[in-house]
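The values are calculated or read from the model by the stated rules, or taken from the named source; none is laboratory data. The structure displayed is predicted, hence computed values, not measured ones. Cβ placement follows ideal geometry from the backbone for every residue including glycine, while neighbour counts extend to all protein chains displayed.
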Amino acid sequence: MANKKILVQWIGHSDLRSLAANSSANRRDKILAFIGGNVPAVHDLGPTKTLLATQKFDEVRLLTNYPPDFNTWFAKWLGGNSLVREVTLSKPTDYSAIFQIANRELESLKSEKDWVESDLCLHLSPGTPAMAAVWLLLGKTRFPATFYETYGGESWITDVPFDLIDVIPEVLRNPDIHLQHLAAQAPAEIEGFEDIAGESRAIREAVGRAKRAAIRSVSVLLVGESGTGKEMFAQAIHRASNRRDKPLLAINCAALAKSLLESELFGHAKGSFTGADTDRKGLFEAADGGTVFLDEIGECDLETQAKLLRVLQPITGEGPAVRHIQRLGENKDRRVDVRIIAATNKDLFTAIQTGEFREDLFYRLAGISINLPPPATEKPIFPKSRNASWGY
């Protein structure tokens, strides 16, 4: 029995222009006012409808950041039972956001029980070059796929003549060469990291890795001894991110009792415990749109770890920093968009083995892990930031 063929792709401007050509004047004008460009000939079906007219797929998933009514019109015009996945994408050239959306969609497919009996198909023609580049990256690595292209009413399978397996042995032979770009600049030369002192290769590599982490919204785990400047790195990552104009709030997980830590993180409802005279926002709500820094995360008790894990679970169809939290004493989910930076001087791998720290929480926190060199390696120790919003 043949495998199930699953097509995943973006809807692009060319698709909507072809829709406009086959729509009423009012609908056509509304579409073109939004995307611009000229109306093609009626027989020009656009990349998506051309592919579906010339190739057979068992399931079709369409990613789109267009208005909902456009998506409804397009799906109806296509016919069939295409699944439209509406996503938020501020710029169609944002590689980071495109990667996160596409990776999340393919991860959801991979988690389905019939994945092993499915063939993934990716359509490169619709959308922006950034979208096509991300499909190529994912389809040649984590999610092996067959690539399709369309033009002039025809479609074909595109052979992409490279695999990372051809490149990886070379990288492994001399990995230092491929990490040199991380150490190319001193901290003072990188926007957001100017306050970090040190010129060693170890500091340069840590800053280079932190700079790359800053442009994404994934969680970051900072690991290092006391005095290595974990707080300073957290501040720098926030300043270098697109969240710089939103709050950066911090909490020391080791400094509060379990009963207080949960309320500080998630807030509480009036009457939820003795002394809770009013409703109160927690750290996550107060930092909405910005960053939360969880210092000494390794000191959290297992019950608090379980609650943090729930908050850090990814939400289907949302970005990596979108969370659902519940105030203490409430059953209502509240949606927040908060990037997490955590820090510890503890050996979390040993803590996992001894049952003191949850392995699943570790992997939620360590979207990107950055090891900071010990204080003896760099002098002076990092100064306090001039712009931090510490405490809550």
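Just to be sure I understand, how many residues within region 82-105 are of a type outside the set (Lys, Arg), outside any loop (DSSP other than H, G, I, E, B) and within 18 Å of residue 48 (Cβ to Cβ)? Spell out how you get there, then give the answer.
Initial filter on region 82-105 (of a type outside the set (Lys, Arg)): 82-84, 86-90, 92-103, 105.
Those still in the list that are outside any loop (DSSP other than H, G, I, E, B) too: 83-84, 86, 95-103, 105.
Imposing the further condition that a residue be within 18 Å of residue 48 (Cβ to Cβ) reduces the set to 83-84, 86, 98, 101-102, 105.
Result for region 82-105: 7.
So, residue 392, is that one touching a Leu at 6+ places or on another chain (Cβ under 9 Å), surrounded by fewer than 19 Cβ atoms within 10 Å (Cβ to Cβ) and modelled with pLDDT under 90 or not?
Working: touching a Leu at 6+ places or on another chain (Cβ under 9 Å): yes; surrounded by fewer than 19 Cβ atoms within 10 Å (Cβ to Cβ): yes; modelled with pLDDT under 90: yes.
Spelling it out, residue 392 is indeed touching a Leu at 6+ places or on another chain (Cβ under 9 Å), surrounded by fewer than 19 Cβ atoms within 10 Å (Cβ to Cβ) and modelled with pLDDT under 90.
Can you name the residue in region 362-389 that is assigned to a helix (DSSP H, G or I) and farther than 11 Å from residue 221 by Cα and is also modelled with the highest pLDDT among such residues? Spell out the reasoning first.
From region 362-389, those assigned to a helix (DSSP H, G or I) are 362-365, 375-377; that's our starting set.
Add one more test, that the residue is farther than 11 Å from residue 221 by Cα, and what stays is 375-377.
Working: 375: 65, 376: 54, 377: 48.
Going through the qualifying residues, I end up with 375.
Output the helices (runs of 4 or more DSSP H) that fall wholly within region 210-307 and possess 2 or more residues being closer than 12 Å to residue 342 by Cα and of a type outside the set (Phe, Trp, Tyr), or say none. Break it down stepwise before answering.
Working: elements: 230-239, 258-266, 283-286.
It comes to 230-239.
So in region 35-51, with the set limited to residues that are without any contact (Cβ under 8 Å) to a residue 40 or more places away in the chain and aliphatic (A, V, I, L, M), which one is nearest to residue 8 (Cα to Cα)?
35
Out of all the residues in region 30-45, which are within 35 Å of the chain's Cα centre (by Cα) and modelled with pLDDT of 85 or more? So that I can check it myself, show each step before the final result.
If we filter region 30-45 for residues that are within 35 Å of the chain's Cα centre (by Cα), which is where we start, we get 30-38, 45.
Matches in region 30-45: 30, 31, 32, 33, 34, 35, 36, 45.
Find all pairs meeting these conditions: Cβ atoms under 6 angstrom apart; at least six residues apart or on different chains; first residue within region 318-329 and closer than 17 Å to residue 242 by Cα; second residue in a strand (DSSP E or B).
From residues that are closer than 17 Å to residue 242 by Cα, the pairs are 321/337; 321/339; 322/337.
Hey, any hits in region 159-176 for a residue that's surrounded by 11 or more Cβ atoms within 10 Å (Cβ to Cβ), at pLDDT 65 or above and touching a Gly at 6+ places or on another chain (Cβ under 9 Å)?
Yes, region 159-176 contains a residue that is surrounded by 11 or more Cβ atoms within 10 Å (Cβ to Cβ), at pLDDT 65 or above and touching a Gly at 6+ places or on another chain (Cβ under 9 Å).
How many residues does region 41-81 hold that are assigned to a loop (DSSP other than H, G, I, E, B) and surrounded by fewer than 20 Cβ atoms within 10 Å (Cβ to Cβ)? Before you say what the answer is, go through the steps one by one.
Just the residues of region 41-81 that are assigned to a loop (DSSP other than H, G, I, E, B), to begin with: 41-45, 55-58, 65-67, 79-81.
Next, only the ones that are surrounded by fewer than 20 Cβ atoms within 10 Å (Cβ to Cβ) stay: 41-44, 55-58, 65, 67, 79-81.
Total meeting the criteria: 13.
Quick one: is residue 202 outside the structural domain of residue 311 (by TED's automatic domain parsing), in a helix (DSSP H, G or I) and within 21 Å of the chain's Cα centre (by Cα)? Let's see the steps before the verdict.
Numbers: outside the structural domain of residue 311 (by TED's automatic domain parsing): yes; in a helix (DSSP H, G or I): yes; within 21 Å of the chain's Cα centre (by Cα): no.
Criteria not met by residue 202.
Give region 238-263 a look and list any residue that's more than 14 Å from residue 297 (Cα to Cα) and in contact with a Gly (Cβ under 9 Å, 6 or more places away or on another chain), or say none.
Start the filter on region 238-263 by keeping residues that are more than 14 Å from residue 297 (Cα to Cα), which leaves 238-249, 259-260, 263.
Scanning region 238-263 gives 238, 239, 240, 241, 243, 244, 245, 246, 247, 248, 249, 263.
Mind checking whether some residue in region 245-254 is modelled with pLDDT of 90 or more and of a type in the set (Gly, Ala, Ser)?
Yes, that holds for at least one residue.
When you scan region 67-76, do you find a residue that is out of contact with any His (no Cβ under 9 Å at 6 or more places or on another chain), β-branched (Val, Ile, Thr) and without any contact (Cβ under 8 Å) to a residue 40 or more places away in the chain, even just one? Break it down into steps so the answer makes sense when it comes.
Pass one, region 67-76, residues out of contact with any His (no Cβ under 9 Å at 6 or more places or on another chain): 67-76.
Those still in the list that are β-branched (Val, Ile, Thr) too: 72.
Adding the requirement that they be without any contact (Cβ under 8 Å) to a residue 40 or more places away in the chain leaves 72.
Yes, region 67-76 contains a residue that is out of contact with any His (no Cβ under 9 Å at 6 or more places or on another chain), β-branched (Val, Ile, Thr) and without any contact (Cβ under 8 Å) to a residue 40 or more places away in the chain.
Find the residue count for region 1-40, including only residues that are surrounded by 15 or more Cβ atoms within 10 Å (Cβ to Cβ) and among the aromatic types (Phe, Trp, Tyr).
1
Suppose the filter is more than 25 Å from the chain's Cα centre (by Cα), crowded, with 17+ Cβ neighbours inside 10 Å and within 24 Å of residue 194 (Cα to Cα); does residue 228 pass it?
Values: more than 25 Å from the chain's Cα centre (by Cα): yes; crowded, with 17+ Cβ neighbours inside 10 Å: yes; within 24 Å of residue 194 (Cα to Cα): yes.
Yes, satisfied.
One residue is enough: does region 20-34 have a residue meeting the conditions in the same structural domain as residue 74 (by TED's automatic domain parsing) and touching a residue at least 60 places away in the same chain (Cβ under 8 Å)?
Step one: of region 20-34, the residues in the same structural domain as residue 74 (by TED's automatic domain parsing) are 20-34.
Right, trim to touching a residue at least 60 places away in the same chain (Cβ under 8 Å) and you get none.
No, region 20-34 contains no residue that is in the same structural domain as residue 74 (by TED's automatic domain parsing) and touching a residue at least 60 places away in the same chain (Cβ under 8 Å).
Assess whether residue 230 counts as being more than 23 Å from residue 363 (Cβ to Cβ), in the same structural domain as residue 355 (by TED's automatic domain parsing) and of a type in the set (D, E, K, R).
Details: more than 23 Å from residue 363 (Cβ to Cβ): no; in the same structural domain as residue 355 (by TED's automatic domain parsing): yes; of a type in the set (D, E, K, R): yes.
Spelling it out, it is not the case that residue 230 is more than 23 Å from residue 363 (Cβ to Cβ), in the same structural domain as residue 355 (by TED's automatic domain parsing) and of a type in the set (D, E, K, R).
Name the single residue that is nearest to the chain's Cα centre (by Cα) among those in region 111-129 being at pLDDT 90 or above and among the small types (Gly, Ala, Ser).
Filtering region 111-129 for residues at pLDDT 90 or above gives 119-129.
Those left that are additionally among the small types (Gly, Ala, Ser): 125, 127.
Details: 125: 24, 127: 20 Å.
Ranking the candidates gives 127 first.
Conditions (1) modelled with pLDDT of 85 or more; (2) over 23 Å from residue 360 (Cβ atoms); (3) crowded, with 17+ Cβ neighbours inside 10 Å; (4) touching a Cys at 6+ places or on another chain (Cβ under 8 Å), marked per residue:
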| position | (1), (2), (3), (4) |
| --- | --- |
| 272 | no, yes, no, no |
| 285 | yes, yes, yes, no |
| 293 | yes, no, yes, no |
| 296 | yes, no, yes, yes |
| 300 | yes, no, yes, yes |
| 313 | no, no, no, no |
| 319 | no, no, yes, no |
| 326 | yes, no, yes, no |
| 333 | yes, no, no, no |
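The conditions are (1) at pLDDT 85 or above; (2) polar (S, T, N, Q); (3) over 20 Å from residue 11 (Cβ atoms), and residue 108 fails exactly one of them. Which is it?
(3)
Which residue pairs have Cβ atoms under 6 Å apart, sit 6 or more places apart or on different chains, and have a first residue in region 272-291 that is assigned by TED's automatic domain parsing to the domain that holds residue 309 and a second that is in a helix (DSSP H, G or I) and not acidic (Asp, Glu)?
282/265; 282/266; 283/265; 291/238
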